[in-house]
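The values are calculated or read from the model by the stated rules, or taken from the named source; none is laboratory data. Since the model is a prediction, treat every value here as computed from it, not as a measurement. Every residue, glycine as well, gets a Cβ built from its backbone with ideal geometry; the counts of neighbours run over all protein chains shown. What goes into the accessible areas is simple: the full protein's heavy atoms, side chains included, and nothing from ligands, DNA or RNA. Shrake-Rupley method; radii C 1.70, N 1.55, O 1.52, S 1.80 Å.
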Amino acid sequence: MSASAILNAWHDHLLQARRRSPHTVRAYVATAERLIEATGVTDWHALAKVDAMALRQQLARRRAEGLGNASTARELSALKGFIAFARAQVGLPDPTAPRMRGPRVKKGLPRPVTPDEAVNLAAGVEENAAIEWIGARDRAVLLLLYGAGLRIAEALSLTGAALPLGDVLTVTGKGGKQRAVPILPLVSAAVADYAAKCPWPLERDKPLFRGARGGPLGQGAVQKAMAATRRALGLPPTATPHALRHSFATHLLSAGADLRSLQELLGHASLGSTQIYTKVDAAVLLDVYRHAHPREAG
């Protein structure tokens, strides 16, 4: 069997059976390709015999190339998934990958922006755009991230079938799981404004958000527009599109939302992923205390 056939099978498994995002699929396939190149193994039986020592050697090679802890941990996860897949292909009774621990990764807290900053960012990308409809598009995307808590990939995967936005939007998240998200009038109006100005026909089965030439809008274009506006507003580099989703969660929690409801709105598979926002909320309160308390501020 050729290496390309193995990689194609791994690609299809990730995309169809595991329903991973295109970005994750590309990264996992690239990881598998690097392992094949390093070991010279090109059949399922040989791959199924790859042990913890071989995986450690591969990670050591990657670390020597400058890979950090977080990237190494993701690489190990991809390698273990690939070896488990290989073992399943040859029918081993225990298809699990070799057990080994990855590097410790310190979880940083999300850095939310304030409500005013979020609104100013959305308005800023519209004002800074050279073309009116593109400015309306970027504002609509950012308001979906902040006003509805969407991931940027979720917003960009919407099709024309979402129009016109009602009070609730059905969003397809990670793993193909769907959830219902309430839509604020401000968000709905921004999307309607974009749809009215967009020069391209927004068919039900085609992407809702379009690039300058009519193709699907890429994340890079949104990130670039937000980066320029962020600098103009004097906001830190942490003010990214994904930070708007963090801000949505943090501000809802501050307003009294319970964790279970927040978990549903964000589309988290586990409550543990949502609980990080309790730490964010506490960190925000502590920052306010430090700057506002008379003994601290004096």
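Listed values, structure above:
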{"read-out": "Yes/no for Leu15 being under 29 Å from Gln178 (Cβ atoms) and open to solvent by 60 Å² or more (accessible area, probe 1.4 Å)", "value": "yes"}
{"read-out": "Residue within the range 133-140 that is open to solvent by 10 Å² or more (accessible area, probe 1.4 Å), within 21 Å of the chain's Cα centre (by Cα), closer than 17 Å to Ala225 by Cα and hydrophobic (A, V, I, L, M, F, W, C) present", "value": "no"}
{"read-out": "Output for the range 161-180, where each listed residue is within 17 Å of the chain's Cα centre (by Cα), farther than 16 Å from Leu208 by Cα and either open to solvent by 70 Å² or more (accessible area, probe 1.4 Å) or not small (Gly, Ala, Ser) (or both)", "value": "Lys174, Lys177, Gln178, Arg179"}
{"read-out": "Residue count for the range 163-201, restricted to those that are more than 22 Å from Glu132 (Cα to Cα) and aliphatic (A, V, I, L, M)", "value": "7"}
{"read-out": "Residues (at pLDDT below 90, surrounded by 22 or more Cβ atoms within 10 Å (Cβ to Cβ) and among the aliphatic types (A, V, I, L, M)) located in the range 120-132", "value": "Leu121, Ala122"}
{"read-out": "Matching residues, the range 75-91, being of a type in the set (D, E, K, R) and either surrounded by fewer than 17 Cβ atoms within 10 Å (Cβ to Cβ) or touching an Asp or Glu at 6+ places or on another chain (Cβ under 6 Å) (or both)", "value": "none"}
{"read-out": "Members of the range 172-190 that are in a strand (DSSP E or B) and closer than 15 Å to Leu143 by Cα", "value": "Val181, Pro182"}
{"read-out": "Odd one out for Thr72 among (1) surrounded by 17 or more Cβ atoms within 10 Å (Cβ to Cβ); (2) at pLDDT 85 or above; (3) within 27 Å of the chain's Cα centre (by Cα)", "value": "(2)"}
{"read-out": "The range 141-160, residues that are assigned to a helix (DSSP H, G or I) and either of a type in the set (Lys, Arg) or open to solvent by 30 Å² or more (accessible area, probe 1.4 Å) (or both)", "value": "Tyr146, Ala153"}
{"read-out": "Any pair with Cβ under 6 angstrom, 6 or more apart, that starts in the range 158-178 at a residue that is within 23 Å of Arg20 (Cα to Cα) and ends at one that is among the basic types (Lys, Arg) and in a strand (DSSP E or B)", "value": "Val171/Arg179"}
{"read-out": "Test: residue in the range 185-193 that is open to solvent by 40 Å² or more (accessible area, probe 1.4 Å) and touching a residue at least 60 places away in the same chain (Cβ under 8 Å)", "value": "no"}
{"read-out": "Criterion: more than 30 Å from Ser157 (Cα to Cα) and aliphatic (A, V, I, L, M) - qualifying residue of Leu76, Leu55", "value": "Leu55"}
{"read-out": "Residue within the range 97-106 that is open to solvent by less than 30 Å² (accessible area, probe 1.4 Å) and modelled with pLDDT of 75 or more present", "value": "no"}
{"read-out": "The range 229-258 residues that are open to solvent by less than 40 Å² (accessible area, probe 1.4 Å) and part of a loop (DSSP other than H, G, I, E, B), paired with ones that are modelled with pLDDT of 80 or more and acidic (Asp, Glu) (beta carbon under 9 Å, 6 or more apart)", "value": "Leu235/Glu117; Ala239/Glu117"}
{"read-out": "Leading residue by the ranking (nearest to Ser157 (Cα to Cα)) among those in the range 23-45 that are surrounded by 15 or more Cβ atoms within 10 Å (Cβ to Cβ) and without any contact (Cβ under 8 Å) to a residue 12 or more places away in the chain", "value": "Thr24"}
{"read-out": "Filter pass, Ala5 being surrounded by 14 or more Cβ atoms within 10 Å (Cβ to Cβ), out of contact with any helix residue (DSSP H, G or I) (no Cβ under 7 Å at 6 or more places or on another chain) and at negative phi", "value": "no"}
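A quick yes/no check of all residues on (1) assigned to a helix (DSSP H, G or I); (2) over 27 Å from the mean Cα position of the chain (by Cα):
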site: Ala5; (1), (2): yes, yes
site: Arg26; (1), (2): yes, no
site: Ile36; (1), (2): yes, yes
site: Val41; (1), (2): no, yes
site: Leu47; (1), (2): yes, yes
site: Leu59; (1), (2): yes, no
